[in-house]
Each structure stands twice: as structure tokens, then as C-alpha cells.
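The values are calculated or read from the model by the stated rules, or taken from the named source; none is laboratory data. It should be emphasised that the depicted structure is a prediction, and the values quoted were computed from it without experimental measurement. Virtual Cβ from ideal backbone geometry, glycine too; neighbours counted across all protein chains shown. With ligands, DNA and RNA removed, areas are computed over all heavy atoms of the protein, side chains included. Shrake-Rupley method; radii C 1.70, N 1.55, O 1.52, S 1.80 Å.
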Amino acid sequence: MSEYFPTIPAFQYEGPGSTNPFAFRHYNADEVIGGKTMSEHLRFGAAYWHVMRNELGDPFGAGTALMPWDDGSESLQNALNRIPVFFEFLEKSQIDYYCFHDRDISPEGATLTETHKNLDRIVQELEKFQNETGKKLLWGTACLFSHPRYAQGAATSPQADVFAYGASQIKHALEATHRLGGEGYTFWGGREGYATLLNTDMKRELDHLAAMLHLAVDHAKKIGYTGQFYIEPKPREPSTHQYDSDSAACLNFLREYDLLDHFKLNIETNHATLAGHTMEHELDVAIGANALGSIDANRGDELIGWDTDQFPTNVYDTTQVMLRVLGMGGFTTGGLNFDAKRRRESHEPEDLFHAHIGGMDAFARGLKIAHKIAEDGRMSAFVSERYASYDSGIGAEIAAGSTSLDALDAHAQSIKAPQLPSGRQEMLENIINDYLV
Ligand code: XUL
Ligand code: CO
């Protein structure tokens, strides 16, 4: 088999003292932490769109990425040529999963029928490489935001024929995901929103969006696909407002349209911050509804107001994420998909490896630290104690919904003015820092 990355060795774990840029300092796939191996906890995924298709352009300049294996064409042969490159990348990086949009892996044809034929051919090839390497599909999706036909939305387009085109793409992307054993199927509605309310019937658009999701759920049942559906929140960009703007908006939409039994959320760090939330906030909202499915692992830039999709390197943040993943008992169908790209200046193929090794090590450290914090128990004990007044007496009656305003009025008038214990934020921050060293 020819090597596309001849200068890059297969990564090994060498421990924290290593200075080898192609070795893990913290990610040790088979090391057991709290009863599971690191690879079982972290379930890393690589994004086909960033690894294979991102040319590293920005709004002011053309792409810079060197991709000697790619002839730059939109041909089926070029799409086939990328596949062995991607699997060599996955193998050398010890990344077990991947994710794709239909249009990342396979080009549009002259007709929609030809487009679907292209996808079938590519899926056949991906299946072969999955079988040979043991790599797995974390989730698939359809790209319903790049082509000009989707400029005014796909499921929320004012044109029913565009809706039908989108539905056709979803049907085939779902079937491809099913055939490849994909553990999930994601909806990210990049254009499912509006540029201005002057021309928008929001209620109709939301009804249509829900109709599309119901059609996908029905089709999954029909073909026997039992993977998990996800919605990926993001507030804007490319549209002015996206209906799936944050975790709370998605959950409300899913509840309103009777879809909550079929969907969980795929939460992305940079989307959380664009929504004006922390990642922890978005995760807690989802976990509270038992709806955290998967994570698109990346980070934004504090100084740039758009989706910079940088690799996660901040151990404080990865610790916060892993505290929550451990707290909910781990991923089931989901994982940590690196929806992240190199900077435009990092244009050499080897930068793909530096980027992913950094993200994997940052999450491995986050996992180890989060596990220690959980074992220590002081953080969770503090939070339990903070709400202990709801465990008995009048608090337990409030929590159980078995009291009334009359009873609370009588209680409040019979007691001394309430005293508040400290929230101890700084003490808790110090506990986290104790474990970061
Ligand atoms: C865009 C984004 C998407 C989704 C999949 O910001 O995150 O790549 O993850 O469509
Ligand atoms: Co994403």
C-alpha cells in the first residue's frame, strides 16, 4: 500500500516526558481509567470535511493547504483517490471514528440521479476501507447548505421543490450512514433560519423543518436504521439567525413537534460560545433533558467573532467537558468529533497530525483530571450540600410539588429571615486548579 504521509510515523504513547511531536504524552488508548479504557471514554472522531476537503481559505484569501494526492477536480475518481489517504491518516493518528457530509465524500453529478450513484460508489469504497482497518462511522449527514439551491434554506426553503431535493439527499445520506454502520445521523441546519424577517414566515418554516425531521425518523424505521439522530445547535453563520440556535431552543423545538424521543443534541464548543454561552452551559442544558448525544470538539477565538473551529488545546475546558461526560455515565452512540481545522498558515500535511494529536492529548488530560475530581468528590458533595434544604421538610414538599402558596406563606411567616451560606466559587475554582497541575 502506498503511503501518503511517508514522513509521519504511526503515533505511540510515550508519556508526559516525551519531546517527540508525533507521540502521545497523555492519550494512551488502552489505559484503564475508572473501569473503561481511554479510547472507550473518548471515542475520537475525525471530520472528513476538514481533514480531506478544507483548503484553508478564509473570507479574504484562497486556500493554502497542500494536498498532493488531490487533483483539485470534482470527479468521482478524485473522490475515490482521497479515501486511502484519509484511512492512512486515521490509522496513524489512532482515531477510531470519522464523520462526513455526503458532499465531502462524493461529488454532485450532472443530475440528482447521477449524484446518488456517485454516493453509492463511494460508500462501497468506504465500506471496504472500514472493513480492512476496523475504523467506524460516528455519524453521517447531508450537506444542505453549500449548493446555491439551498441559499434560502433546505427544509425551511420557501420553495417546495428545494425541500424535495433536500429530502432526497437526506434519504440517500441516511441510507449510506446505515450501510456503513453509522452510530448516528446529524442535522446541522446551516441555512435553516433567515436573513431577514421581512420576507420570512417563521411559523411555516418551523413546521416544515419539523416535517423534514419526522420524514427522516419514519424513513429510518422503514429501512431498519436504529442509530441516534442528532441536532447540532448553532445561533448564526451562515444565516443571520438559525432556528436551532442553542441547546434550549433545540429542546423546545423537539418537544413542541413531538420529536424529543428520536433526537439528542450534538454540541459544538465554538457554537456554544457564538450563542453567548459556555460549552458547560450548553452541555448542562442538554444533560438536564437526558439529550446529550455527541460533541463536536473544537474551540473559538476570544478575539474573533466567527466560527474559527480551532483545535481544542485548553485543558481547563476539556476538563469541564469530561466532568460532564463522566457524570452522565459516558457516551453511548456519540463521541468527540474534531470539527476543527488548522490555521491558514498551517498548510503542510504534517500539520493535520500536529492538530489532532494536540486535541487528543488535551482531552486525555481532561479525562484524567475530571476522573480525579470526580473521585475526590468534594465538588459534587459541595453542590449536593448546597441544595440540601430541599431534601427534607418544606424543601422536600416544594421539590415533590406537594405544597401550596398558603402553606409556604404560613411557613415563611413562622420562621426567622432565611440565611444564605456562601456559594464558595473561589474555593471551588481552587480545587479545579489543584488537579490541573
Ligand atoms: C458548521 C458545523 C458543521 C456540522 C455538520 O459550523 O459545525 O460542520 O458539524 O454539518
Ligand atoms: Co460541527
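Here are the numbers for the structure shown:
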item	result
Number of the exception - L283 against (1) of a type outside the set (V, I, T); (2) more than 15 Å from the chain's Cα centre (by Cα); (3) open to solvent by less than 20 Å² (accessible area, probe 1.4 Å)	(2)
Candidates L197, L274, L213, L265, filtered to the one that is more than 16 Å from ligand 2 (Cβ to nearest atom) and open to solvent by less than 60 Å² (accessible area, probe 1.4 Å)	L213
Identity of the residue in the stretch 291-329, part of a loop (DSSP other than H, G, I, E, B), open to solvent by 10 Å² or more (accessible area, probe 1.4 Å) and away from ligand 2 (no atom under 16 Å from the Cβ), that ends up nearest to M379 (Cα to Cα)	M328
Filter result for the condition that a residue is in contact (Cβ under 8 Å) with a residue 24 or more places away in the chain and within 16 Å of ligand 2 (Cβ to nearest atom), over G190, G227, G153, G166	G190
Given (1) assigned to a helix (DSSP H, G or I); (2) more than 16 Å from ligand 1 (Cβ to nearest atom); (3) under 15 Å from the mean Cα position of the chain (by Cα); (4) not aliphatic (A, V, I, L, M), index of the condition H271 fails	(2)
Odd one out for Y225, checked against (1) outside any loop (DSSP other than H, G, I, E, B); (2) away from ligand 1 (no atom under 14 Å from the Cβ); (3) in contact with a His (Cβ under 7 Å, 6 or more places away or on another chain)	(1)
Residue satisfying condition, being within 16 Å of ligand 2 (Cβ to nearest atom), under 19 Å from D96 (Cα atoms) and of a type outside the set (S, T, Y), within set F44, F24	F44
Failed condition for V162, given (1) touching a helix residue (DSSP H, G or I) at 6+ places or on another chain (Cβ under 8 Å); (2) open to solvent by 60 Å² or more (accessible area, probe 1.4 Å)	(2)
Which listed residue, of A173, A220, is touching a residue at least 12 places away in the same chain (Cβ under 8 Å), within 16 Å of ligand 2 (Cβ to nearest atom), part of a helix (DSSP H, G or I) and out of contact with any Pro (no Cβ under 8 Å at 6 or more places or on another chain)	A173
Residues of the stretch 372-423 that turn out to be part of a loop (DSSP other than H, G, I, E, B) and either out of contact with any helix residue (DSSP H, G or I) (no Cβ under 8 Å at 6 or more places or on another chain) or of a type outside the set (S, T, N, Q) (or both), as a count	16
The stretch 379-403 residues that are open to solvent by less than 70 Å² (accessible area, probe 1.4 Å), paired with ones that are among the basic types (K, R) and not in a helix (DSSP H, G or I) (beta carbon under 8 Å, 6 or more apart)	F382/R424
Count of the stretch 248-262 residues which are outside any helix (DSSP H, G or I) and either touching an Asp or Glu at 6+ places or on another chain (Cβ under 6 Å) or surrounded by 17 or more Cβ atoms within 10 Å (Cβ to Cβ) (or both)	2
